[in-house]
Structures are given as C-alpha cells and as structure tokens.
Amino acid sequence: MNVKEYQVSILSQGIRIGQVDPDEPFQRIIIPQEKVLDIPEKAWLEIACMANYTKSHNFIVELSDEQIKEIKQKRIITENYRPPIENAPDNLKCLTTHAPFAYAIVMGKEEMEIRLKNTNHRGWTLIQAGLSMDSDEAFKEYNISPNVQRGCIIGAAELIDCRYSEPCYVYTFINPTGFKNFIPIKGKQCPLWGASNPVEKAAFTQAWNQIER
C-alpha cells in the first residue's frame, strides 16, 4: 500500500488536500463544506485525528493512494470551486507595523509583536506592511529581501494573547497566512484598527476572503 504525506487545510468553506512536495504532480482536492461528511470513513478518521492532535487549521496527514482514490470516486470534489464572498466581520482588526516585522509574521518567522498599548482583541487580525523604512535593518535578521511591497495588507494571523512585559505589551500570533493578492490601503498608527469607511470595509472584505480559516 503506497502511502504519501498530504497538506490538509481546514477552511470555513470546506477542506483542501494538497501535496507536500511541490515537485510531486498532484491536483489539489477541494471539498466544499456541505460535502465534508461524504469523505470515506478511514480517510476522515485520519484527518480528524490529526486535526485534533495538532490543534491547527493546517497539518500533514498520511493517506494511501487507495484513500485518495476513494475520495475522488465519491464525486465530492468541485474542481473550480469558488467560495461565496463573505463580508468581513465588524470586529475584524488590522495591525500596521514596519515592513520587516509584518512580513516576518505572515511568513511564520516571528510570532510576537511589541506594542505600547494593551488590546482585548482576539482572533484573526489583518497584517499590513507600513511605509516606514525605519526598521529596514531587521530584514537581514529575518533573512527576508527588503524588496517588498509596502502600504498594503499582506496577510493575516490569529492573535491569541496580549501580555504586559515592562515596559511594553507583547502580542502573540499563530496560524499566519500570506495573501496572494496584496491590498493597498492607508494604515493607521493605533495598535489595532478597524474599518470605518466604505474603502476600508471593501479592503477588509477582500482580505477576509483570502484567509484560509
């Protein structure tokens, strides 16, 4: 029995199964939410157990060629599936920070952000790379090219904690995700900010629909 590793992502719209090795020819499988329960039992147990073990939206699962074949034979795959556009939640917030730190967060190279003020916000938070070049020396520290786009929302992460560590507050993020389509928008200096006008609401909705949640 040939068993391979697959990248599984649990999304609000369903489940996506893709290859781990980018050189491995495999067309990703997208299973809409309404058909998730049709996944064959053995494959579903593998996915559910690993999701429960890792407590993550993204994880690696070992599935056999037979299990992948059974999933495909169930005709539960929508090849050109496009989830409906959802308006961004009213409580969605955005963090504007210097570009090196913004890119480090969405690339999974940094999970903490230092701020002078506390926040009670928890959950998905948009990450915007600001225009300032004051911290560009940090690109080298994170091994990130300084030739990046600025002044746009580049991804998101889940804010799970905010603790005081004299003289600052430490924000902790998990489950970072970078966007394929960056969203230009004017940032704000406050620790976290929400959409307050039609332009910002449209930008937040565009960003919200790129989060693999």
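The values are calculated or read from the model by the stated rules, or taken from the named source; none is laboratory data. Since we're looking at a predicted model, the values are computed, not measured. Cβ atoms come from the backbone with ideal geometry, glycine included; neighbour counts cover every protein chain shown. Side chains are part of the model used for accessible areas, which takes the heavy atoms of the whole protein and leaves out ligands, DNA and RNA. Shrake-Rupley method; radii C 1.70, N 1.55, O 1.52, S 1.80 Å.
What number of residues within the range 119-152 satisfy the criterion of being touching a Phe, Trp or Tyr at 6+ places or on another chain (Cβ under 6 Å) and touching a residue at least 60 places away in the same chain (Cβ under 8 Å)?
0
So in the range 1-15, with the set limited to residues that are modelled with pLDDT of 80 or more and under 16 Å from Gln67 (Cβ atoms), which one is most open to solvent (accessible area, probe 1.4 Å)?
Per the criteria, the residue is Glu5.
Just the residues that are part of a loop (DSSP other than H, G, I, E, B) and surrounded by 19 or more Cβ atoms within 10 Å (Cβ to Cβ), please, taken from the range 177-209. Walk me through it before giving the result.
Within the range 177-209, the first condition is being part of a loop (DSSP other than H, G, I, E, B), and the residues that meet it are 185-192, 194-197, 209.
Within the range 177-209, Ile185, Gly187, Pro191, Leu192, Ala195 meet the criteria.
If you go through the range 157-176 one residue at a time, how many are open to solvent by 40 Å² or more (accessible area, probe 1.4 Å), closer than 15 Å to Phe101 by Cβ and touching a Phe, Trp or Tyr at 6+ places or on another chain (Cβ under 9 Å)?
Number of matching residues: 0.
Just to be sure, is Ser145 within 30 Å of Phe59 (Cβ to Cβ) and in contact with a helix residue (DSSP H, G or I) (Cβ under 8 Å, 6 or more places away or on another chain)?
Criteria met by Ser145.
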